[in-house]
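Novice: Questions regarding the structure given below will be posed in turn.
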There are 4 protein chains.
Amino acid sequence: MTQPKPSKPKPRVGLVGFGRTGKAVASVILQNKGFSLEWVLRQSLLLENRQVHEYLGVKSKEPGRIISTVHTTPAELLDRHPVDIIIDFSSRSGIHTYGEVAAERGVTIISAISHYRDEDIALLHRLAERTVTFWSPNITLGVNYLLFAAKSLKKIVPWVDIQIIEEHFKGKEGVSGTAVKIAESLKLEKSVINSVRAGGIVGKHEIVFGFPYQTVRLVHESISREAFGNGVVFVAENLEGKPAGFYTFESILMPYFASN
Amino acid sequence: MTQPKPSKPKPRVGLVGFGRTGKAVASVILQNKGFSLEWVLRQSLLLENRQVHEYLGVKSKEPGRIISTVHTTPAELLDRHPVDIIIDFSSRSGIHTYGEVAAERGVTIISAISHYRDEDIALLHRLAERTVTFWSPNITLGVNYLLFAAKSLKKIVPWVDIQIIEEHFKGKEGVSGTAVKIAESLKLEKSVINSVRAGGIVGKHEIVFGFPYQTVRLVHESISREAFGNGVVFVAENLEGKPAGFYTFESILMPYFASN
Amino acid sequence: MTQPKPSKPKPRVGLVGFGRTGKAVASVILQNKGFSLEWVLRQSLLLENRQVHEYLGVKSKEPGRIISTVHTTPAELLDRHPVDIIIDFSSRSGIHTYGEVAAERGVTIISAISHYRDEDIALLHRLAERTVTFWSPNITLGVNYLLFAAKSLKKIVPWVDIQIIEEHFKGKEGVSGTAVKIAESLKLEKSVINSVRAGGIVGKHEIVFGFPYQTVRLVHESISREAFGNGVVFVAENLEGKPAGFYTFESILMPYFASN
Amino acid sequence: MTQPKPSKPKPRVGLVGFGRTGKAVASVILQNKGFSLEWVLRQSLLLENRQVHEYLGVKSKEPGRIISTVHTTPAELLDRHPVDIIIDFSSRSGIHTYGEVAAERGVTIISAISHYRDEDIALLHRLAERTVTFWSPNITLGVNYLLFAAKSLKKIVPWVDIQIIEEHFKGKEGVSGTAVKIAESLKLEKSVINSVRAGGIVGKHEIVFGFPYQTVRLVHESISREAFGNGVVFVAENLEGKPAGFYTFESILMPYFASN
């Protein structure tokens, strides 16, 4: 989240998807001086031709055009308003509409879609042969750090007892997808997950490592969905200058751990 | 803490220092099938010629002789009852008595002394030219993992706010040495440390990483001082087969993080 | 937060003050079916004649007129749009403008002003001779429950070690007023308070009770300032039918503890 | 845990049961200057005629005779070595052996047996007609405080979401009895309990109260079983001077909450 030097042109960003998380991400990008938000592409016609910063009540001079897929194809959009990076918070079908035309133009793709199917991921890998392609089903820095740190600890002490406690608001159904991801990464049964549902808890994940005579806890607490925006900015900064290829949060974090 | 295969002879261990922590460490080594406790060397004449397992009420067939420095020099001891590893929980002067004779015989040195001065550390480095020499001022696995994981996170996000909360029993004087070590490793002022003193809390260290929209906490809770014994066993296992040189907990943990 | 039976008319509420907390409180009252928000009184002319629910984007049929003190006196307002309860989130001067005319009309006063001076509190006590008058410098249910529960525990074990940890966002200056209030209630020095400042932490207060062989922790975590609205609703429900007098959160909570 | 004035004779205590918890309780009583440990009664002949303080390595001038039920009946014991209080950490059958003869002599009975059946409790109630009779299945102060404080909070906000997290060492089978007791007291299904089993965690109980915009947590952490001893001392001090009757921890704590 350091700012690029003034002489360098800011990377231009296009955002696909403008739901609750998309809006929070747009707000973070608008307020980050290292990137310029060119446009937001969404299916709905609502808000068309308004500007993101005006709609969100954020001060900014960036274009931030709100554009509907009803009147514009991704190819037209990329030609008229070129960007360096596309950030995808839409749905699993998004990549099928803009993926090819983005790869053709060498636009970096950062996808934060949680529920891709195998065929979607296969497409991502094909695009990765031509452009920098990144995917993370949970793009917050904190959760990905936890994942990496937890895997390292399990490698150090494979015999340690590991349990997961996740807490969310009363209405959240099913086990947290992030908790399931953590359990899978650690090759643990889902039964290690304890799900607490109460009131308005935004989101908390705690990984408990039980040693015979000591306990280590790795804890992540969400405050608001703007955290996804910070994750996007971190990823975009770390992908800069990288060659075409498929990247994950783990591949980005690895070098930081390797050279302590 | 995996057990060596039966065909391989167990590494023989000598323990220098038999205070409260030394006793807890001896108890853990006696109960670990991968090592054999040959003797304990201490200054006091008390308990001389008794056996550690009998004194501690632990079942074991290992020799575990309790020997006083009053009647035996380290050289005599190493000749009469050779060991592969010396573990030092005595005081800063210990290394000056057994260091040379251990290095001559290629005995691995694992020192857990907290308060070495510069000249002591210089000696360790000289010994490291001839034998495997390890030093950690806090030899629990959990605390060292926390240190490493925290340094990695700070490298990832150098701008993040970091605060430390340490909790100990009412009578503990001054700021926790481990908390100071954590602060120093992270290049933070000591003012980031909050010291809570209440009742019989054994020991808790929490590193709080404050992001704008999320919080990460790394927490270590001590249950009992046997944790030092488990740390020693982990270190001894990881030093096996290594060439002469100076090792720290960080150099042992690094490879686990590097190849996630 | 139980809903009154349909036959009973809803208590009518007037809100004085429409800053960030005032807005959150208005939002909670609008969504609570047990009360009707008649008006909001504020100094600014901005938003005058708009409706609270329309401004906040909340569905509601309640009047919720936004009225400025520039054009209307409290007496005129209470005559034209009578209410049963006035809720004060303005500033310490508010009570001096509406207090007398509210007391004359038997309107319940619920004040959540943090920084009253002695003369303001004296006025509250005079008003309490004629109408139900309530004051709490922190009107969340959770914090007040903590205060009460902590005082009880200290009475049970006066010798227990008590420490307070409060965590807030990086920019928060000084020690948390709520933490100071807790320390004062427990007759402890301010030195027992540990203040952690990091990132975007909304607000956390933890009271640690250290016993020789066990630890009790009372923890309050704020999620958002709507918590003040829920506190107001709780207080309003519990003051219903009470005789004129001066009430605090403690006097409201006491009966719940006394008859377990 | 205040000490009685020197002029008053110390209450004399007899302890029934000398397992791991009984020993920890004996150690606490020996070190408390307000009580005198007269004897320990146990079934085993082991240790007979030794003294508790000598066996436990605690400095004390109190008799602390270790007596076996094989050679002595409770009636003989109470006549030869009279006590004011009997503390029971034996098993559910204990009360059937000493109950009658203790009640006849007006000896206060403090029972900490977890698994009484209905007929045992019925006996306690009959004894309570003649002497002060106390029973708590978990006699730590912290857990009982938590129970009381949690019940009060539920009375205040019956609609709040409540969840329980309990953590214990890996080997502990089944759901914690204390957690079940908490759930029952709060009239909640057992499904609100989340059981974490990992490493050597001594024991932690956390009751989470989820409000829409805030969270309250009541947490109890066990450090060691000496906590039961402190609970016994607290109960004994609070029962002093009370008339015959049946007492629980709740009836002892109530007055502390009622008069804040």
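The values are calculated or read from the model by the stated rules, or taken from the named source; none is laboratory data. Keep in mind that this is a model prediction, so the values were computed, not measured. Glycine also receives a Cβ, built like all others from the backbone with ideal geometry; neighbour counts cover every protein chain displayed. Keep in mind that these areas ignore ligands, DNA and RNA; they rest on the heavy atoms of the full protein, side chains included. Shrake-Rupley method; radii C 1.70, N 1.55, O 1.52, S 1.80 Å.
Novice: Which one is nearest to the other protein chains (Cβ to nearest Cβ), of the residues in the range D:119-133 that are hydrophobic (A, V, I, L, M, F, W, C) and open to solvent by 20 Å² or more (accessible area, probe 1.4 Å)? Show your work before the answer.
Specialist: Going residue by residue through the range D:119-133, those that are hydrophobic (A, V, I, L, M, F, W, C) are D:121-124, D:127-128, D:132.
Those left that are additionally open to solvent by 20 Å² or more (accessible area, probe 1.4 Å): D:121-122.
Working: D:121: 20, D:122: 24 Å.
Only one residue tops the list, namely D:121.
Novice: Quick one: in the range B:202-212, which of the residues that are part of a strand (DSSP E or B) and open to solvent by less than 10 Å² (accessible area, probe 1.4 Å) is farthest from residue D:226 (Cα to Cα)?
Specialist: B:210
Novice: Does residue A:167 satisfy being open to solvent by 30 Å² or more (accessible area, probe 1.4 Å) and acidic (Asp, Glu)?
Specialist: no
Novice: Looking at the range D:23-50 only, could you name the residues that are within 23 Å of the chain's Cα centre (by Cα) and polar (S, T, N, Q)?
Specialist: In the first step, residues of the range D:23-50 are kept if they are within 23 Å of the chain's Cα centre (by Cα); the result is D:23-44.
Within the range D:23-50, D:27, D:31, D:32, D:36, D:43, D:44 meet the criteria.
Novice: If you don't mind, another one. Would you point out the residue of the range A:243-257, among those that are open to solvent by less than 40 Å² (accessible area, probe 1.4 Å) and within 7 Å of chain B (Cβ to nearest Cβ), that is modelled with the lowest pLDDT?
Specialist: Once the filter is applied, the top-ranked residue is A:257.
Novice: With (1) in contact with an Asp or Glu (Cβ under 9 Å, 6 or more places away or on another chain); (2) more than 14 Å from chain D (Cβ to nearest Cβ) as the list, and residue C:144 as the residue in question, which single condition is left unmet?
Specialist: (2)
Novice: Please tell me if residue D:72 is under 19 Å from the mean Cα position of the chain (by Cα), surrounded by fewer than 23 Cβ atoms within 10 Å (Cβ to Cβ) and at pLDDT below 95.
Specialist: When the stated conditions are applied, residue D:72 does not pass them.
Novice: Being part of a helix (DSSP H, G or I) and either within 14 Å of chain A (Cβ to nearest Cβ) or in contact with a helix residue (DSSP H, G or I) (Cβ under 8 Å, 6 or more places away or on another chain) (or both) is the filter here, so list the residues in the range D:154-178 that pass it. Break it down stepwise before answering.
Specialist: At the first step, the residues of the range D:154-178 found to be part of a helix (DSSP H, G or I) are D:154-156, D:177-178.
Residues satisfying the conditions are D:154, D:155, D:156, D:178.
Novice: I would also like to ask the following. Mind checking which residues of the range D:198-209 are at the interface with chain A (Cβ under 7 Å from one of its Cβ atoms) and of a type in the set (D, E, K, R)?
Specialist: Within the range D:198-209, no residue meets the criteria.
Novice: Can residue D:195 be described as among the small types (Gly, Ala, Ser), at the interface with another protein chain (Cβ under 8 Å from one of its Cβ atoms) and assigned to a strand (DSSP E or B)?
Specialist: yes
Novice: So, in the range C:140-161, exactly how many residues are over 19 Å from residue C:257 (Cβ atoms) and not acidic (Asp, Glu)?
Specialist: Qualifying residue count, the range C:140-161: 1.
Novice: Tell me whether the range A:134-145 contains one or more residues that are surrounded by fewer than 23 Cβ atoms within 10 Å (Cβ to Cβ), hydrophobic (A, V, I, L, M, F, W, C) and part of a loop (DSSP other than H, G, I, E, B).
Specialist: Checked the range A:134-145: no residue is surrounded by fewer than 23 Cβ atoms within 10 Å (Cβ to Cβ), hydrophobic (A, V, I, L, M, F, W, C) and part of a loop (DSSP other than H, G, I, E, B).
Novice: Right, next: Confirm whether residue B:220 is open to solvent by 10 Å² or more (accessible area, probe 1.4 Å) and either under 20 Å from the mean Cα position of the chain (by Cα) or among the aliphatic types (A, V, I, L, M) (or both).
Specialist: Details: open to solvent by 10 Å² or more (accessible area, probe 1.4 Å): no; either under 20 Å from the mean Cα position of the chain (by Cα) or among the aliphatic types (A, V, I, L, M) (or both): yes.
Taking the combined requirement at face value, the residue does not satisfy it.
Novice: Please find, among A:187, A:181, the residue that is surrounded by fewer than 22 Cβ atoms within 10 Å (Cβ to Cβ), more than 7 Å from every other protein chain (Cβ to nearest Cβ), under 24 Å from the mean Cα position of the chain (by Cα) and not in a helix (DSSP H, G or I).
Specialist: Within the list A:187, A:181, the selection yields A:187.
Novice: Please state which of the following conditions residue A:67 fails to meet, knowing it meets all the rest: (1) surrounded by fewer than 20 Cβ atoms within 10 Å (Cβ to Cβ); (2) more than 14 Å from chain B (Cβ to nearest Cβ).
Specialist: All conditions are met except number (1).
Novice: I need a count of the residues in the range D:210-242 that are facing another protein chain (nearest Cβ under 7 Å) and in contact with a strand residue (DSSP E or B) (Cβ under 7 Å, 6 or more places away or on another chain).
Specialist: 12
Novice: Another one. Which residue, of D:258, D:179, D:183, is more than 18 Å from residue D:143 (Cα to Cα) and not basic (Lys, Arg)?
Specialist: Criteria check complete, one pass: D:258.
Per-residue answers, yes or no, for (1) aliphatic (A, V, I, L, M); (2) farther than 21 Å from residue C:24 by Cβ; (3) touching a residue at least 60 places away in the same chain (Cβ under 8 Å); (4) touching a Leu at 6+ places or on another chain (Cβ under 6 Å):
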residue: C:183; (1), (2), (3), (4): yes, yes, no, no
residue: C:187; (1), (2), (3), (4): no, yes, no, no
residue: C:193; (1), (2), (3), (4): yes, yes, no, no
residue: C:198; (1), (2), (3), (4): yes, yes, no, no
residue: C:206; (1), (2), (3), (4): no, yes, no, no
residue: C:210; (1), (2), (3), (4): no, yes, no, no
residue: C:224; (1), (2), (3), (4): no, no, yes, no
residue: C:236; (1), (2), (3), (4): yes, no, yes, no
residue: C:249; (1), (2), (3), (4): no, no, yes, no
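Novice: I need a count of the residues in the range A:39-59 that are modelled with pLDDT under 90 and closer than 23 Å to residue A:233 by Cβ. Spell out how you get there, then give the answer.
Specialist: Within the range A:39-59, the first condition is being modelled with pLDDT under 90, and the residues that meet it are A:44-50, A:54-59.
Cutting the leftovers down to closer than 23 Å to residue A:233 by Cβ gives us A:54-59.
Qualifying residue count for the region: 6.
Novice: Next question, about the same structure. Mind checking which residues of the range B:148-175 are closer than 29 Å to residue A:253 by Cβ and in contact with a strand residue (DSSP E or B) (Cβ under 9 Å, 6 or more places away or on another chain)? Explain how you work it out, then say what you get.
Specialist: Taking the range B:148-175 as the starting set, the residues that turn out to be closer than 29 Å to residue A:253 by Cβ are B:148-166.
Residues satisfying the conditions are B:149, B:150, B:153, B:154, B:157, B:160, B:161, B:162, B:163, B:164, B:165, B:166.
Novice: Scanning for something open to solvent by less than 50 Å² (accessible area, probe 1.4 Å), under 29 Å from residue B:125 (Cβ atoms) and within 22 Å of the chain's Cα centre (by Cα), does the range B:193-201 turn up at least one residue?
Specialist: Scanning the range B:193-201, I find no residue that is open to solvent by less than 50 Å² (accessible area, probe 1.4 Å), under 29 Å from residue B:125 (Cβ atoms) and within 22 Å of the chain's Cα centre (by Cα), so the answer is no.
Novice: Can I ask one more? For the structure I just gave you, tell me whether residue C:232 is more than 21 Å from residue C:150 (Cα to Cα) and either open to solvent by less than 20 Å² (accessible area, probe 1.4 Å) or under 18 Å from the mean Cα position of the chain (by Cα) (or both).
Specialist: In short, yes.
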